[in-house]
Each structure stands twice: as structure tokens, then as C-alpha cells.
There are 4 protein chains.
Amino acid sequence: MSQKQTKANFMSDNAAGATPKVMAALQDANVGKAPAYGNDTWTERATGAIRDVLEAPNAEVLLTATGTAANALALATITPPYGAIYCHPQAHINSDECGAPEFYTSGAKLVLVEGEHGKIKPEDLNALLEEGGRGVHHVKPATVSLSQSTEAGTVYSVDEVRAIADVAHAHGLKLHMDGARFANALIATGASPCELSWKAGVDILSFGLSKNGGLSAEAVVQFNPVPMEAGKAKGGAKGDVTDLEFRRKRAGHLVSKMRFIAAQWIGALDGGDWLKTASHANARAAELADGLTSLKAAELMHPVEANEVFVRLASSIADQLEADGFGFYRWQNTPAGVTLRLVTAFDTTEDETAEFLDAVRRHLG
Amino acid sequence: MSQKQTKANFMSDNAAGATPKVMAALQDANVGKAPAYGNDTWTERATGAIRDVLEAPNAEVLLTATGTAANALALATITPPYGAIYCHPQAHINSDECGAPEFYTSGAKLVLVEGEHGKIKPEDLNALLEEGGRGVHHVKPATVSLSQSTEAGTVYSVDEVRAIADVAHAHGLKLHMDGARFANALIATGASPCELSWKAGVDILSFGLSKNGGLSAEAVVQFNPVPMEAGKAKGGAKGDVTDLEFRRKRAGHLVSKMRFIAAQWIGALDGGDWLKTASHANARAAELADGLTSLKAAELMHPVEANEVFVRLASSIADQLEADGFGFYRWQNTPAGVTLRLVTAFDTTEDETAEFLDAVRRHLG
Amino acid sequence: MSQKQTKANFMSDNAAGATPKVMAALQDANVGKAPAYGNDTWTERATGAIRDVLEAPNAEVLLTATGTAANALALATITPPYGAIYCHPQAHINSDECGAPEFYTSGAKLVLVEGEHGKIKPEDLNALLEEGGRGVHHVKPATVSLSQSTEAGTVYSVDEVRAIADVAHAHGLKLHMDGARFANALIATGASPCELSWKAGVDILSFGLSKNGGLSAEAVVQFNPVPMEAGKAKGGAKGDVTDLEFRRKRAGHLVSKMRFIAAQWIGALDGGDWLKTASHANARAAELADGLTSLKAAELMHPVEANEVFVRLASSIADQLEADGFGFYRWQNTPAGVTLRLVTAFDTTEDETAEFLDAVRRHLG
Amino acid sequence: MSQKQTKANFMSDNAAGATPKVMAALQDANVGKAPAYGNDTWTERATGAIRDVLEAPNAEVLLTATGTAANALALATITPPYGAIYCHPQAHINSDECGAPEFYTSGAKLVLVEGEHGKIKPEDLNALLEEGGRGVHHVKPATVSLSQSTEAGTVYSVDEVRAIADVAHAHGLKLHMDGARFANALIATGASPCELSWKAGVDILSFGLSKNGGLSAEAVVQFNPVPMEAGKAKGGAKGDVTDLEFRRKRAGHLVSKMRFIAAQWIGALDGGDWLKTASHANARAAELADGLTSLKAAELMHPVEANEVFVRLASSIADQLEADGFGFYRWQNTPAGVTLRLVTAFDTTEDETAEFLDAVRRHLG
């Protein structure tokens, strides 16, 4: 994890900085005073713009600084402490968040649903749910969570999302989408944001910007917010405070100078820049995939549909690429070779992908 | 806390054993096999009998082994993790349960409402709730909890309960009653069980038996159970599983051989024995109060309305009573003397109260 | 789950009542007053007797009313909220406690280790732990939990426990044993209580009595209790209060009339009755296994080593047995037939096992 | 809370934007790729700089985005779930964080210690702790938390902090300092950072930057980090992962592009800019205090020692000031008038304070 890579760095889309539009918007927002805790006009504009993009005028939109917070808050608002959350074993919520969903839900259980290429199949989910509950002895089926695009760099089609949503809803569960790479999935599927979310049955979406050129900005979008019943919590200008808002606050995720989270969204959504950056990243991954496919000694482990490439090479090749100064994760070591994860971002250049492919070719001899 | 008291022991109603009817019912239930986890006929009979006694045919009734469990489960089912529970500082849930409400609710906050003689006044509660919320910055007013009888040995009248319930409901809060000594309060007020609970506005009741001659038996009674919406959790013969049932199970309070908790209730409720034992205990406390009132050097700190007496005596008198072998708690030491807590139970005899009063008189000279 | 079985009931060892010795001890304890909350001499005697039986004079012993409470408390005291608990998928803590471990630990994650016949293999555990952590991104390996006997009715030998303990300890994890059927495992292995627990590397034991003829009595035994450092919590006669004691109290599991939990242990341990009852139950299971083994059309799914039998029969046979009035669980339906779970208890008779075997033979034709 | 104030805005130091040095540092950090999740050189530099400023080379320093997160993480790492945290009723952790400490600690209880001008007195704390515990029945005294500067705009002197630390440590408790306005307190006391923290007995510090010209940057500083014992969690380049790090991650506060939090600290600490901005804010508050003191009809409710002024005026005056377009909080309404809270920040100008004082004088007639 040296910072001295002299060559292309494919470690993560989190290793990239922020886009020029995001940085400019931060500067724009740094003018004078603004009400703290999200009661400012930037936040109003950003949440409005997110609703517009999703064609969801009644959705509740909350901004957060991290994707783990967005996921954990989303899950906690739809899952009781004794609930079961069905997800793929590789799901970020299961493998990479150190138990954040368990913490935020006060102890719900993640039930793992295996599936090829990081994806859950509706029939497998259905079989599990049809097995029936164990009554009070086991956790209550409550939530299904999909990653879009997945941790394997693949994408659920609109039909696939809808099929899973149908299974979930038929059994009384809600559907969460971890959209840390939602933009990449939109590019991959060609679907519009609403087609790939609420129209396909998604109840609550973690909408990511950080991995797509944000500095630190995410959103939780609840498409059919439930009105609060018990208690009257007056929220000043904002009216009644929602369950999500209370949970965000007590989790320490109500950033005081919220205008700076909002500004990032405003900059990214302006002129559709967020889709251009995702499209750019996907294109670079496709270049890597095309180049590697043409090489006998390299095997793609998953279809490359978004901005991640999983390729298996001989261990010696991986060593040489590392020595060259390329950055990537060694995802898995097997006797058949080492699988590298290559992630592209808004700032990955065609020169970089070409340089990497050249190096692989050269090392393969 | 020696067990060698040779004289009357007024330490606690928890220091008493179980009544003959409770012990006999345990024996009766120990016949053959019975379905575990509350799916047995004893449990069905006991919960039915509790509904009958409360004239609440639709109430949800769950049996537990301890009062702390009953209270914490009741609070957790009506209070969100970000909720505020209003109670008296001396409330058992605040002072004697080591944070059980905070644990079960996943972190709700107890907001303390001072008041004379262990009781909250409706106007004080109202003033607090009228102050208004702090929006998302402070916990959300959710629940009011009363102890009946109180930790000061006093009792809320039906009108007092109703006045507090009205304030709570007017602000969207629910009312919990910690009825660890509910029977004692019924005797004190002359009210019927339904008059002192749901007809007065109580939403959920911890109905105690352990302090009233049970071995280890309590119940949570939710008068207007909310149907579960999300998820389908099949509960076999019992149909859908409720929020309370899930919470009880994951707290480890679904006793496997539930028939033995149920049997205690059946024995106690049979023939109104539970009211006779409470009446007996209250009468003994009244004897103590009457006797002490006639002594100049003894001061009752609270009206004696149920089965607890708080009396202030010179420290030297307390020492002599202890040396005699009487059992009691030293509740509070002040320059003006030491306050003793004397608790009577179903098995406290008239001889014992007389013996104690004689000793006090003798030591006072 | 009808209570009208006219024939032998093999539903569960929880469906049995309490032994005569347990019931007699309850009566013996119901004499006069005793300090509440475990500060009584019965509790002192019971915990002392448990230490004696385990040859663990320095162990911390806490009594509880349920096995789920014992397990969850044991796990919470050795597992941080961000910890991973390794267990078999069929482990009671994973499958039958509705998320109690997650609740008590404030969100730890159960990581499942598959294995034949309900048992984890040390090499599989080692492979998982050798994979290495994911640093801060994944939960921290903290605890291994074994069931003894297992949910498949099998038993870990002393050597098998020690091998797993060695793997756990070598990686810095602690070993919990869910001994809900510890007595049955002792009979099966012929080991002494200390050989099968702390001498084999068990750090904390849930020691069960309820399934072995108790009414409602379990114990948590921590073999090497850690002294409390921060804060001074004076516990009266008992000195400093331990982490386990605080956790038990706030979970509502410090039963007020603790003498009645203690009495059950005193009755059961007296004269080794607890081993006789377990031996009896195991013998009945062995009779069932022997009889079924001799039948071509019945297949035992797991070795029968304790008091549970899993046998696969044609579905029509199961239906006929049910119609006869026998009690059992239908564990799993497969095209190859239905697997029945038969559990024997202290009160299962030789006539009952013979009657059942006759019926199976008759139905098989 | 309109954003159209045409006059000085004293609502909050959170209403200010970020300083030029902070914004410049953000730009500087937005260069190329950097390892995510705090494994970058900016984070290394920032945490090193914080250690240098505090003269605490062995301290553990974790960056977070919000002060509530810093407080809640700090408290959770030193307080067990059954712990008591002693603090002033007005403490931010009690009044303004919606139960975040309860959430992060899994249910600890805040025990309130009253005191004039937002400050706890050591003798009051001592009296409470000397009362003694209630054994297992009440939460365990674990932590004392002070705000520096306080929510009343006052400051604890070095000696006052040390006196409270001594009481805490003598009873086995740890001392947390909520230093959201630590810089303002340093200016007020003239003490060095180490004198006002670890040398005075502070065990863990929430070190704030957001209210002092940061965009969104705080730090938790644990002065005597406890080495992790159980489990081996390999943290790659960073070695073993600490309790605080695990807690931060699962709370969703490990910001992926951490370099941008780090950069804010680097910019602010560079050349002592953070002390200049705090000094500036304090000076503006002093101007307000001086001006208001000279007016008969205005009463300062607390000594003005940092950057907050609490002044009581007639309600009509407050209305006029609001109509003028000045921004402030109406802190409390009483028959004697309304108390305004005025907060100054790095960007408050002398013109603004003068303008406000002029307006007050004019309205007072």
C-alpha cells in the first residue's frame, strides 16, 4: 500500500481524489454563515436534486459522509433488532463493514445467500424464505440487501432486481440496495435511476458518490417513508423528525457543516457529471477486460460489467507488476494463480490501462 | 444480610418464599410431558386467567421469570432506541435494574421527574413535555413509566394515573406501569384491576407475582397490541409472532419449561389468593405504621399505603433493633436519624409486627 | 404439538418435567425468609457444589434460569461488540436463540463453520483463522463456541475439544462450551467434568440442568475470571461485582428468589443424581438407535452418542407414527424421506422405547 | 434559521465555513491516488502533528468527521455497557447528541451532576461517588466527562481539571474531555495543550476542529492506550487494530478518503493557525461581553471566558434584534427576559460585534 506507485494505481476507486466539479462546489459553498446540521439551502438543493434525479418527489433523502453509515442507517430503519438480513457473502455489509449493520440494528443477523459472480438468484432467495420461519426461535426474515454494482464487478439487470424484489415483497421483506457504485450500474444497464431503483422494487437505497469522484458524500434514499406515529418531536423548520434522522444524529452522522456534503452532490449532479465520471470509469475497466481477454494466460473471474476487473494470473506475473509499481489488490491466492482486483475511477486514463496491458503482455513473454 | 435472623425479617417481599398455593400448583404441573416454550395448556390457562382478571380479552400476555425482564421488555416494545422514558428518580427501572431499560431498548434515555413520596405529578410531567423537543438533537419523548405501588410505598389513585396518562397521550407518549406490587396498589385503592390499568390509560403493564408470594413469575400485559406488519414469521400453533415475543426470546426469557411459570399464576389467581396475600401484607404494614405513628421519636417519611414503611429513628435505636435480630434495610442516613425500610409480605404475622413495635417502644425507653 | 399424546413423547428433553429430587429441594428451600438476589445460603451451597463437581475452586459460577441466558452471557463476557464467534451452523446459539448472542454482545457476528454430524473440525477452524484478519474492515476473531453434546446428538471427545481449544488459543481466541447437555456428553465420553471442560481448554461453560431434569436452572462457569479493574462497585457481602454479574443483572436474569434456582442444583447434584438421569436418557437413546439400526428402511443420520436420535424414514411411516400418538419433531423433509428427531429424557422408559420400535416395525410391515 | 441574515450571525461556530488554510490544504491533498481508509501519508502527518501539539508521542490518535462521533467513540472505549458516565446536565453528550453515548456504549447511563455556569465541582462529584455503589443493582461508576470550554461558555482551569481528575481516579473512574472548543479553552486559560489535558489527568480527549474553522474534522486522542489482548487482528501496515479503531469502523466513521480529514488538521495546525482562530473568536466574545456589561438592561448569565455569550434582555429587545437581521439562539425564556446565546467564530469581525452592540444600545433607548 505504498504511496510511491510510479505507475497506474488500480487499488480502489476510493484511492482517487475528488473531481474538479466537486472541489469547485466546496469552494462555492464556503461563503459566509449557514445554518448548521442540514438546515441550510445547499442541503435543500442537494436533496431536491437527488429526488429529481430519481424521479421520486416524496422520497426521504438524508446525506451522510460514508457509505458504511448510509448502509447501516438504511438497514436499521427497516430491520428490527431480531430481524434477518439476506445478502451475498461478499456483500460489503457482510465482509467490509466490521459489523456496522449488526451495531446499527442492535443485533440483527446477516443470513448469507451464495451465488455466482457476487449475485443472489431470486430462486435461491425464494427457496430460503419458503423454508419457513422457525417461529420465535430464529430471527425474523425482514430485509434483502443487494449491491449494485456488486463486489464482483457485475451488475443486476432491472429484471433481476425486480425478480428479487418480488420474492422479498411476497414474503413481507423490504429491499435495500447498496448503491455505492449505483452510477456504474446505471451506465452498465442503460437504465434510468428510477428504473433501477424504486420502479424495480427497491425500498431504500444507499446512493454513493464517494467512489465516483466525491470527497466524502453519500445519501440514504427511502422511497416510501413511513410517517412517525409515536411521540411528537418538533424539528423546527423541518417539521417532524423521522426515524432515519434520529438514527443518523445519534450515530454521529449529522455533520454540523452539512453544506459541504451537500455541495459535493450539487457539483456532481450538475450537468450529469456523475454519470460521465462513472461512464469513464466503466470504459477503462472494459479496456482492461478486452485486453486481458486476448491473453491466454489471463483469466477473467467474473464478467466485467462496471468498473472492477478480477483477473487471475500466475503469481510471478503479479510480482512483476507490483515491482513495476502498479497498484492493485491481491484478492485471492490459489494454486491456479493469484486473482488481482483492478478498479478504475473517474481519473483513470487510457494511457494507464494501455500501460498496464503492455506490462502484462511483456511479463507473459 | 445474615440468614440467622431470629426475629421478624422486613428486608423485602423478595425475601419471602412462595405461598402454599403456588407450591401446590408447581407440583400439579409436574406431570408427564408438555410442549416446551409456552406451547402448553398451563400457559394457555394462565394467560387466559390474567386476561380475565384484567377484563382485557384482547391483551397480549407474556410470562417472564423476573420483574426486571418484564419492565425492560415492556419498555423496549414501546420505546425506540432514541426515545426518552420519563420516570421518577427512585423508580426501580432507574435505580435498581443496572441499566436494563437502556440495554433492552438499545440505548433509550431515562429522563427523571422529581416528586414527593415517589410519585410524579401530572403538571410536572406536562411542563417538561410542553418545553418542546429539541428536534433531532435530543432524544424523542416516547414513554412515561409509573411504579404502582411506588418505591416509597405510596400509591397512585385511579384519577392520578388517568391524569398522567392524559398528559402522556396528549403528547403522543405511551404509559407503562411497573406493577411489581400491582396487587398491593389494588388493595390500597379499592380499584379493580382494569380500573387501575387500561381503563385509566395504561398501555402496557408489568404485572408482578414474585413479590406477592410467587416463586419467580411475572407477566407483561400489552393492552392494545400492534399487529406485526413486516415479514412473515410463522409461529406454528400460535400464529404470527409478536414483537414482544421475539424480544423475550432473544433476551433469554422464554423459559423452556414455561408450564412452571404458568402454574404459579394459576395457583395464585385461583380463588383470588393473590389479592388475599396482598391484602394481608398491606394490613401488616398498616399495623406497623399505626404503631410507629403513636411514638413521638419515630417519623414516617411517606404515607404508608401499601406494604412498605419508611420510618426515621435515632441511629442508636436502629442499632439496637439490628442487635435484636430484626431484618430491615437502612435506607438513608441523615443527621436527623436513619430511615429504615420495612417491607411486609404474605407471610408476615401479626405477632411479628407486634414484636417489632414492642422492641421499638422498649428501646425508645 | 398437541398435549394429547397417548404414547411416548420424544419431542424434547424440555418437554419433560422436573425430577423428584429437584422438586423435593424446591420444597426444602421454601422455608422462612432468605436474602434476595443470590445473597442466600442456598446459592452459596449450589455454586460451591458446582465448583466441586468441576474441580475448579476459583471458577466464577453464576446461576441463571435459561440456557439461552447462560450462553448469551458467557459469550458477551468474552466477546467484544466487534468480535467474531465461530460456531457450527446448527449450533443452538446460531439457530435457536433468535439472535440472543448478537443482542447480548451488542452486535458480534457469528461466523459459521460447517462440519459433519454437528461438529467443527479443528483443521477447518484453523484454516479459517489462518486466512488472516481483514484488519479493521472485518470483525475481530474472538471466540469459538462448541455444543456438547451437539445439536446432532453427537459428542466431542476430550481430545477433540482440546484440539479445537489449541487452535483457538493459538490465535488468541477463547473457547465457550454450550453444555446444555453437558451431562449427556460426560456419560458418552466417560470423562470427568474437569477433563471435558477446563482441562481440555474450555474457558467458559454454559452448564445446563433444565434439559436434564431441572425445572429451570442453568449456570455460567468462567474458569479463569478476569479481575475487574475500572471503577469500584461494592457488592456488599460478595465483594467486587464482576462483569458477568453486571451483565446478568441488566439482562433481568438475577432472579430475586435465587434460592429456588440454587435448590434445583443442590437437589440434582446431591448423590450424583444429575449423572444418573443423563445416563438413563442416553441409555434410552441407545436402545432406539439399536432397534432402528436393525431395520433396513430406517437410516440413522448421525451417530447416536447422547440422548438424541435422528432417523430417516419414509414419509408415510412418519405419518402413521404421528397418528399413533407418538411425539417427535419432523426435522427435515427430503425426497429420500423425512428425518425424525427423537429425544430421550430422565423419564423416558424402556417400555416407551420398545413401544416405539414395535410401532416402526409394524408400519414397515 | 433563515439564511438571509443581512447582519451579523452569532448562531453558532458551526454556522461559519472553513478557514482559508483548511480550504487550501484540501486542494493540496487532492492530488493523485492515495491509499484509502487512513493508510495514507496525510493521515500519518496529521496524527503525528496532533501528537506533537499535545506532547504525547504515545497517544493513540483517530480522526473523525464529527464531534458527536469523537465523543461517543471516546466514551465507548472507556465505559462498559453497564457503566455510569458522570456529566453536567448541559453537557453536549447529554443534551445535544440524541443519545449517541448510550448508543455507542450499548446502554451506559449518564448520571447528571449539577453545577453553576455549566461546570461540575470536584466536591459534588466526590460526594456522589462516596455514596458508594449499589452493588449489582445499579450501574457501575466508570467515567467522568467534562466539556472544555463548557456549554455555558466558561472554562475549567488546569487546577479545576486536575481536582476532578483526582476525584475520578481515586474512585477508579476515567476522565473524558469533550474538547469541541478545546482551542478556545487553551486561549482562555493560557495553558499549553498538554497542561490542560493529560498532565491535568485527562485520559481521553475529543479534540475539535470543526467549530474552530474546520470543514468537518475532529480527533479522538487516547493518552494511555491499552494494548489489545484477545484475538489477533492483523491491520496490515498499521499493525494490530485497536478497540477504538474497530469501534470507529463499525460506526461508519472510518472515512474512505481520509486524507481530506487529515488535510484539514494539517492546514489548521500549520503555523499555529488553530490557536489564532480561537484567539480571534474569544476576543470577539470578550468585546460583546464588555459592551453588554456596560448596559444596565443586559445581564450576563455566565462569565464570558471563551467564545460564547449568554445575555438576558427584555423579550422586546430580542424581537427587535431579530427583526434587524441578527442571528442568535433564544436559549431560555423566563419572566425576567429572554436569554440569548451569541457565539463568535474565526470569521466574526469587530465591525459585527460593534454593530450588534450599537443595535442593542439603540433598542434599549
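The values are calculated or read from the model by the stated rules, or taken from the named source; none is laboratory data. Note that this is a predicted model, so its numbers are computed, not measured. Glycine gets a Cβ as well: all are built from the backbone with ideal geometry, and neighbour counts include every protein chain shown.
With respect to the numbered conditions (1) in the same structural domain as residue C:248 (by TED's automatic domain parsing); (2) over 30 Å from residue B:12 (Cα atoms); (3) not hydroxyl-bearing (Ser, Thr, Tyr), which one is the sole condition not fulfilled by residue C:267?
Just one mismatch for residue C:267, condition (2).
Take the conditions outside the structural domain of residue A:187 (by TED's automatic domain parsing), of a type in the set (Ser, Thr, Tyr) and either under 21 Å from the mean Cα position of the chain (by Cα) or closer than 30 Å to residue A:46 by Cα (or both) and apply them to residue A:315. Does it pass?
Answer is no for this residue.
I'd like to know if the stretch B:127-139 contains one or more residues that are out of contact with any strand residue (DSSP E or B) (no Cβ under 7 Å at 6 or more places or on another chain), surrounded by fewer than 24 Cβ atoms within 10 Å (Cβ to Cβ), of a type in the set (Asp, Glu) and over 30 Å from residue A:39 (Cβ atoms).
no
Take the stretch D:284-314 and flag every residue that is under 24 Å from residue D:148 (Cβ atoms), in contact (Cβ under 8 Å) with a residue 40 or more places away in the chain, out of contact with any strand residue (DSSP E or B) (no Cβ under 7 Å at 6 or more places or on another chain) and among the hydrophobic types (A, V, I, L, M, F, W, C).
D:304, D:306
Yes/no matrix, rows are residues, columns are (1) surrounded by fewer than 20 Cβ atoms within 10 Å (Cβ to Cβ); (2) of a type in the set (Ser, Thr, Tyr); (3) within 18 Å of residue B:13 (Cβ to Cβ):
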residue: B:309; (1), (2), (3): no, no, yes
residue: B:315; (1), (2), (3): yes, yes, no
residue: B:323; (1), (2), (3): yes, no, no
residue: B:328; (1), (2), (3): no, no, yes
residue: B:331; (1), (2), (3): yes, no, yes
residue: B:334; (1), (2), (3): yes, yes, no
residue: B:338; (1), (2), (3): yes, no, no
residue: B:345; (1), (2), (3): no, no, yes
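Could you tell me which of the residues D:22, D:61 is of a type in the set (A, V, I, L, M), within 22 Å of the chain's Cα centre (by Cα), under 30 Å from residue A:19 (Cα atoms) and buried (at least 24 other Cβ atoms within 10 Å of the Cβ)?
Step by step, each of D:22, D:61 is checked, and only D:22 is of a type in the set (A, V, I, L, M), within 22 Å of the chain's Cα centre (by Cα), under 30 Å from residue A:19 (Cα atoms) and buried (at least 24 other Cβ atoms within 10 Å of the Cβ).
Please determine whether any residue of the stretch A:289-301 is assigned to a strand (DSSP E or B) and either in contact with a Pro (Cβ under 6 Å, 6 or more places away or on another chain) or of a type outside the set (Ser, Thr, Tyr) (or both).
There is at least one residue in the stretch A:289-301 that is assigned to a strand (DSSP E or B) and either in contact with a Pro (Cβ under 6 Å, 6 or more places away or on another chain) or of a type outside the set (Ser, Thr, Tyr) (or both).
Mind counting the residues in the stretch A:330-365 that are under 22 Å from residue A:149 (Cα atoms), aliphatic (A, V, I, L, M) and either not in a strand (DSSP E or B) or not assigned by TED's automatic domain parsing to the domain that holds residue A:296 (or both)?
Here the count works out to 1.
Restricting to the stretch A:84-118, what's the tally of residues that are under 16 Å from residue A:176 (Cα atoms), in a helix (DSSP H, G or I) and either free of Cβ contacts under 8 Å to residues at least 60 places away in the same chain or among the charged types (D, E, K, R) (or both)?
Here the count works out to 4.
Which condition from (1) assigned to a strand (DSSP E or B); (2) buried (at least 20 other Cβ atoms within 10 Å of the Cβ); (3) not basic (Lys, Arg) is the one that residue A:304 breaks?
Evaluating residue A:304 over (1) assigned to a strand (DSSP E or B); (2) buried (at least 20 other Cβ atoms within 10 Å of the Cβ); (3) not basic (Lys, Arg) leaves (1) as the failure.
Quick check on the stretch D:27-39: of everything there that is over 18 Å from residue A:22 (Cβ atoms) and not aromatic (Phe, Trp, Tyr), which residue is nearest to the chain's Cα centre (by Cα)?
Of everything passing the filter in the stretch D:27-39, D:38 is nearest to the chain's Cα centre (by Cα).
Out of the residues in the stretch C:165-186 that are away from every other protein chain (no Cβ under 14 Å) and either surrounded by fewer than 24 Cβ atoms within 10 Å (Cβ to Cβ) or of a type in the set (D, E, K, R) (or both), which is nearest to residue C:73 (Cα to Cα)?
C:165
Yes/no per residue for (1) closer than 30 Å to residue C:313 by Cα; (2) surrounded by fewer than 24 Cβ atoms within 10 Å (Cβ to Cβ):
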residue: C:250; (1), (2): no, no
residue: C:253; (1), (2): no, no
residue: C:262; (1), (2): no, no
residue: C:265; (1), (2): no, no
residue: C:278; (1), (2): yes, no
residue: C:283; (1), (2): yes, yes
residue: C:293; (1), (2): yes, yes
residue: C:296; (1), (2): yes, yes
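Can you list the helices (runs of 4 or more DSSP H) lying wholly within the stretch C:3-82 that have 1 or more residues being closer than 27 Å to residue B:96 by Cα and more than 11 Å from chain B (Cβ to nearest Cβ)?
C:41-53, C:67-78
Which count do you get for residues in the stretch B:119-152 that are within 14 Å of chain A (Cβ to nearest Cβ), of a type in the set (A, V, I, L, M, F, W, C) and without any contact (Cβ under 8 Å) to a residue 40 or more places away in the chain?
Residues that pass the stated criteria total 1.
When you scan the stretch D:119-136, do you find a residue that is touching a helix residue (DSSP H, G or I) at 6+ places or on another chain (Cβ under 6 Å) and at pLDDT below 95, even just one?
yes
As an exercise: evaluate residue B:105 against (1) on the phi > 0 side of the Ramachandran plot; (2) of a type in the set (S, T, N, Q); (3) more than 7 Å from every other protein chain (Cβ to nearest Cβ) and give the number of the one condition it does not meet.
Only one criterion in (1) on the phi > 0 side of the Ramachandran plot; (2) of a type in the set (S, T, N, Q); (3) more than 7 Å from every other protein chain (Cβ to nearest Cβ) is unmet by residue B:105, namely (1).
Based on this model, can you work out whether residue C:65 counts as touching a Gly at 6+ places or on another chain (Cβ under 6 Å), within 30 Å of residue B:250 (Cβ to Cβ), modelled with pLDDT of 95 or more and hydrophobic (A, V, I, L, M, F, W, C)?
no
Can you find even one residue in the stretch B:252-260 that is away from chain C (no Cβ under 14 Å) and outside any loop (DSSP other than H, G, I, E, B)?
No.
Out of all the residues in the stretch B:68-85, which are more than 22 Å from residue D:110 (Cβ to Cβ) and touching a Gly at 6+ places or on another chain (Cβ under 7 Å)?
Answer for the stretch B:68-85, where residues must be more than 22 Å from residue D:110 (Cβ to Cβ) and touching a Gly at 6+ places or on another chain (Cβ under 7 Å): just B:69.
How about the stretch D:140-161: which of its residues are surrounded by fewer than 18 Cβ atoms within 10 Å (Cβ to Cβ) and assigned to a loop (DSSP other than H, G, I, E, B)?
D:157
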